[in-house]
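Novice: Supplied in structure tokens, the structure appears directly below.
The values are calculated or read from the model by the stated rules, or taken from the named source; none is laboratory data. This is a predicted model, so every value here is computed, not measured. As a convention, Cβ positions derive from the backbone with ideal geometry for all residues, glycine included, and neighbour counts pool all protein chains shown. Just the protein is used for accessible areas: all its heavy atoms, side chains included, with ligands, DNA and RNA removed. Shrake-Rupley method; radii C 1.70, N 1.55, O 1.52, S 1.80 Å.
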Amino acid sequence: IKLPILIGSCLLLLVQALTLFSTRWVEDENWYSVPAHTLLTRGEIRMPIFMETAGQAKSDTRPPLVVVIMAAFFKVFGTSLYSARLPYLLSGLACIFLTYLFGCELGRPWVGLLGAVALAADNLFFLASRTARPEAMVAAFALLGVLVYLYSRRKNSAKLAFLSGLIIGLGALVHVNALAAAISAGVLALVEFRWSVIRQRRPWAFVAGLLLPLAFYVAWGMSDAVHREAFIST
């Protein structure tokens, strides 16, 4: 019964998202699809549709992973509205499965199934899954990162804790809101270890994984004068 309910949840999301999929293109979707197309065609992450005096016209130093992923989909599937929105729809489907696994880890399979169905029926989630904005994608990274942290706690694994931090750090390169998941993992660590948290391996492994992609992001943002100017003003 688990698999049919999960498949049904995915179909529910797909029916909502794919109905009139090519309509309701909103302005914010341009701010992610244009840099992705520019990266694909010119090898630069910037906003050529802005005035030349604007910082983002020279270099768009917002968290770049979402743009890189969109550019990859443009390269494979061609540049279109459908390929622009596809990674977010796939992220939405991933969130349904991750919510199920989350429920299984925290409670029982029926908890995960209820969560998956409720998520698939949520209006804001359906809109995020059919829009070329980072919300659905960052949610998938955050869910996966915290889920792996829960696994690391159950197995007392520093390697899994590092992987959890790495996933959430990559999520922060999609959107900074992923750092809320890092706070959640920190709260879990405090609840588990209390004041001895600073002497434990797993929390430090998590922090190391989290900081690794953030360090690359800062290094990229400060790599030259053009990037530095845009990065500081972002």
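Novice: Kindly provide the helix-only [θ] at 222 nm of the chain, computed as the sum of -39,500 (n - 2.57) over DSSP H runs of four or more divided by all residues, to the nearest 500 deg cm²/dmol?
Specialist: Values: 12 runs with 176 residues, N = 234.
Calculated from helices alone, the mean residue ellipticity at 222 nm is -24500 deg cm²/dmol.
Novice: Can you run phi through the Karplus equation (6.51, -1.76, 1.60; θ = phi - 60°) for the range 86-100 and list ³J(HN,Hα) in whole Hz, with x for Gly and Pro?
Specialist: Here the 3J(HN,Hα) series is 4, x, 7, 5, 5, 5, x, 5, 4, 4, 5, 5, 5, 5, 4 Hz.
Novice: Can you list the equivalent-ellipsoid semi-axes of the range 124-181, largest first and in whole Å, using the square root of 5 times each Cα gyration tensor eigenvalue? Can you show the working numbers first?
Specialist: Values: eigenvalues 119, 24, 9 Å².
Over the Cα atoms of the range 124-181, the ellipsoid semi-axes are 24, 11, 7 Å.
Novice: Can you tell me what percent of all Cα-Cα pairs in the range 1-45 are more than 16 Å apart?
Specialist: I get 62 percent for the Cα pairs in the range 1-45 exceeding 16 Å.
Novice: Right, another one. Nearest 20 debye, what's the magnitude of the dipole of the chain about its Cα centre given +1 on Lys and Arg Cβ and -1 on Asp and Glu Cβ?
Specialist: Values: 20 positive and 12 negative charges, 186 e Å.
I would put it at about 900 debye.
Novice: Can you put E44, E29, E105 in order of accessible area, largest first, using a 1.4 Å probe?
Specialist: E44, E105, E29
Novice: Follow-up. For the range 167-209, just the Cα atoms, rotate onto the principal axes and tell me the three extents in Å, largest first.
Specialist: Per principal axis, max minus min of the Cα coordinates gives 32, 16, 10 Å.
Novice: Suppose every Lys and Arg Cβ carries +1 and every Asp and Glu Cβ carries -1, with no other charges. What dipole size does the range 95-162 come out with about its Cα centre, to the nearest 20 debye? Don't jump to the answer; show the numbers that get you there.
Specialist: Values: 7 positive and 3 negative charges, 57 e Å.
Using only the charged Cβ atoms, the result is roughly 280 debye.
Novice: Okay, next question. When N is the residue count of the range 17-113, what does its C-alpha Rg come to as a fraction of 2.2 N^0.38 Å?
Specialist: Values: Rg = 17.1 Å, N = 97, 2.2 N^0.38 = 12.5 Å.
It is 1.37.
Novice: Can I ask one more? Kindly provide log₁₀ I(q)/I(0) values, in the same order as q = 0.08, 0.18 Å⁻¹, from the Debye equation applied to equal alpha-carbon scatterers of the chain.
Specialist: Log10 of I(q)/I(0), two decimals: -0.34, -1.28.
Novice: Which percent of Cα pairs goes in each bin when the distances of the range 60-185 are cut into 5 angstrom slices starting at zero?
Specialist: 2, 12, 18, 21, 20, 14, 8, 4, 1, 0
Novice: Still on this model: Roughly speaking, to the nearest percent, how much of the chain's 1.4 Å accessible area is carbon and sulfur? Kindly include the intermediate steps, with their values, before the conclusion.
Specialist: Numbers: 8360 of 12130 Å².
Answer for the chain: carbon and sulfur cover 69 percent of the accessible area.
Novice: Largest first and to the nearest Å, give the Cα extent of the range 116-234 along each principal axis.
Specialist: Ordered largest first, the range 116-234 gives principal extents of 43, 43, 21 Å.
Novice: Over the range 99-234, what is the relative contact order in percent, taking alpha-carbon pairs closer than 8 angstrom and at least six residues apart?
Specialist: On the way: 171 pairs, mean separation 27.2, N = 136.
This gives 20 percent for the range 99-234.
Novice: Additional query: Given a 1.4 Å probe, how much area per residue of the range 137-234 is accessible, in Å²?
Specialist: Details: 5320 Å² over 98 residues.
Result: 54 Å² of accessible area for each residue.
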